[in-house]
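Visitor: Please see the structure below; I have some questions.
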Amino acid sequence: MRLLLIFLLLTVTGSVNAQQKNAEIDTSYLFLKKQPESPIIEKETSPKPTIRSLAIPLALIVYGTISQTSEDLKEFDTGIKTEIREKKFHTSIDNYLQYAPGLAVFGLNAAGIKSKHNFRDRTLTYLLANFMMGVTVQSIKAITKVRRPDGFGSNAFPSGHTATAFTGAEFLRQEYNDVSPWYGIAGYTVATATGILRMYNNKHWLRDVVAGAGFGILSTQIAYWLEPKIAKVIFHKKAPFHFDPANF
């Protein structure tokens, strides 16, 4: 169990720290943010996926995928399951905890702690991230048909609960990292706890949880890149043509 906790701690710490620089915004953004009349300019500062930011979620996904066929990694997962099941622990809190990081963004805004983007943009981003994550995860579940550790169900890989939690955790980090990095750390901690509880409840292998975390983080990063383009099409249409005799 000690090895499991170290592995998950390194996963979360590395994810938050390695992406910290990507969330840094220059002073020009802070100046523009004070000008509500320039929403389009603000969108240009939305973080875009980089090699550094994509490396961690892709590494998690690759690990989870390789673990499906690697006998050594499967044996490692089996050892973790055996150690965990000795605790005879079960809870349903993970069914609700998975939504906590994402909903925290809207709760903090309601409490007066402003996030990076306005309500419309952050809501569109969150919905887009969850849509991409949900479609991806459910499609892979249907294709791989991996049996759950408890023997009930063939939709273990990847963990949907964990993916949802890490989608929200990255969303929280992106929106509040400029306020304090502790918001992101808290979100990732809750997301990691969700993944651990999925294993304690004997619903997922470690490989399912690790891959789920990767898909969640990746979906949110892509959503932040796509959202300005989608919002521009939906909310920033060109003004309708008005006939002016002076132009003829």
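Visitor: So if I take the centroid of the Cα atoms in region 120-158 and the same for region 184-225, what is the distance between those two points in Å?
Guide: 11
Visitor: Using packing as a proxy for protection, rank 175-187, 99-111, 66-78 so that the peptide with the highest average count of other Cβ atoms within 10 Å comes first. Display every interim value, and only then the final one.
Guide: Working: 175-187: 19.7, 99-111: 17.5, 66-78: 13.8.
Top of the packing list down: 175-187, 99-111, 66-78.
Visitor: Tell me the carbon and sulfur percent of the accessible area for region 108-248, rounded to whole percent, probe radius 1.4 Å. Let's see the in-between values first.
Guide: Working: 4280 of 6220 Å².
Here carbon and sulfur together make up 69 percent of the probe-accessible area.
Visitor: With equal scatterers on the alpha carbons only and no solvent term, can you work out the Debye log10 of I(q)/I(0) for region 90-183 at 0.13, 0.24, 0.25 1/Å?
Guide: For the requested q values the scattering log ratios are -0.52, -1.19, -1.25.
Visitor: Another question, then. Within region 43-182, how many Lys pairs that are eight or more residues apart, or on different chains, come under 26 Å at the alpha-carbon?
Guide: Within region 43-182, the lysine pair count is 10.
Visitor: Suppose all protein chains stay in the model; what accessible area per residue would a 1.4 Å probe give for region 141-229, in Å²?
Guide: Here the residues of region 141-229 average 29 Å² of exposed surface.
Visitor: Under 8 Å for C-alpha pairs, at least 6 residues apart: give me the relative contact order for region 90-248, rounded to a whole percent.
Guide: Details: 236 pairs, mean separation 49.2, N = 159.
Averaging sequence separation for qualifying contacts and normalising by length gives 31 percent for region 90-248.
Visitor: Hey, if you drop one equal point scatterer on each alpha-carbon of region 50-142 and run the Debye formula without solvent, what base-10 log of I(q)/I(0) do you get at q = 0.25 Å⁻¹?
Guide: Results for region 50-142 at q = 0.25 Å⁻¹ read -1.26.
Visitor: A follow-up question, please. Could you work out, for region 103-248, what percent of all Cα-Cα pairs fall into each 5 Å distance bin, beginning at 0 Å and stopping at the bin that holds the largest distance?
Guide: Percent of pairs per bin, in order: 2, 10, 17, 17, 15, 11, 9, 6, 4, 2, 2, 2, 1, 1, 0, 0.
The values are calculated or read from the model by the stated rules, or taken from the named source; none is laboratory data. What you see is a predicted model, and the numbers here were worked out from it, not measured in a lab. As a convention, Cβ positions derive from the backbone with ideal geometry for all residues, glycine included, and neighbour counts pool all protein chains shown. Note: areas computed on protein heavy atoms with side chains; ligands, DNA, RNA excluded. Shrake-Rupley method; radii C 1.70, N 1.55, O 1.52, S 1.80 Å.
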